[in-house]
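Participant: Pasting a structure below so you can have a look.
Laboratory data are not the source of any read-out in this text; all were calculated from the coordinates shown. Here the structure is a predicted model, which means the values were calculated and not measured. Virtual Cβ from ideal backbone geometry, glycine too; neighbours counted across all protein chains shown.
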């Protein structure tokens, strides 16, 4: 990561984001995941700055990461009034998250193979006519 005002994703991180994206993960999700993975905990504002995302993009990505069980959130109350600050952290190492993502993709590949086999069988009937 390079340092600006906050740490930001660097070229290596962007390459990983590109690969995740090529494999079907939404870009904002990949950027958010990689950013959070490099800290014990981070604030949503840090993610916005460091991953170059807008607040709604971070919010949507975090909802999905939390749904998958990859990230957990805690709220840090500010002094006085105002909304709490959301603090995020991974629930498991990035290697385990990658393994889970890989398993998901392998299931998709198996489904595609199964559908192609079924299609081959169906189309053989057309050739007999």
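Participant: Once you order the gyration tensor axes a ≥ b ≥ c over the Cα atoms, which shape class does region 1-65 get: rounded for a/c under 1.5, otherwise prolate or oblate by comparing a/b with b/c?
Facilitator: Because a/c hits 1.5 or more and a/b fails to exceed b/c, region 1-65 counts as oblate.
Participant: Please give the calculated 222 nm ellipticity per residue for the chain, where each DSSP H segment of at least 4 residues contributes -39500 (n - 2.57) and the sum is spread over every residue; nearest 500 deg cm²/dmol?
Facilitator: -20000 deg cm²/dmol
Participant: Between region 79-99 and region 1-78, how many Å separate their Cα centres?
Facilitator: 10 Å
Participant: Roughly how tilted is helix 27-37, in degrees to the nearest 10 and between 0 and 90, from the longest Cα axis of the chain?
Facilitator: Rounded to the nearest ten degrees, it is 50.
Participant: Roughly how tilted is helix 55-67, in degrees to the nearest 10 and between 0 and 90, from the longest Cα axis of the chain?
Facilitator: 60 degrees
Participant: Using only Cα atoms, find the angle between the long axis of helix 11-22 and the longest principal axis of the chain, and express it within 0 to 90 degrees, rounded to the nearest 10.
Facilitator: Roughly 40 degrees between the two axes.
Participant: How do 86, 120 line up, fewest other C-beta atoms within 10 Å first?
Facilitator: 120, 86
Participant: By counting other Cβ atoms within 10 Å of each Cβ, how are 88, 35 ranked from fewest to most?
Facilitator: Lowest count first: 88, 35.
Participant: Ok, one more. Using a 10 Å cut-off around each Cβ, can you sort 81, 113 from fewest to most neighbouring Cβ atoms?
Facilitator: Ordered by Cβ neighbours within 10 Å, fewest first: 81, 113.
Participant: What full-extension length gain, to one decimal in nm, is calculated for residue 52 and residue 39 as 0.36 nm per residue of separation minus the Cα-Cα distance?
Facilitator: 3.0 nm
Participant: So if each residue of separation counts as 0.36 nm, and I subtract the Cα-Cα distance between residue 60 and residue 117, what length gain in nm does that give?
Facilitator: Separation in residues times 0.36 nm, less the Cα-Cα distance, equals 16.9 nm.
Participant: Which label marks the calculated value of Rg and Dmax of the Cα atoms in Å, given the options (i) 14.2, 44; (ii) 15.4, 57; (iii) 19.9, 79?
Facilitator: After the calculation, the listed value that fits is (iii).
Participant: Work out, step by step, the length gained on full extension between residue 127 and residue 95: first 0.36 nm times the residue separation, then minus their alpha carbon distance; give nm to one decimal.
Facilitator: Length difference between fully extended and current span is 6.8 nm.
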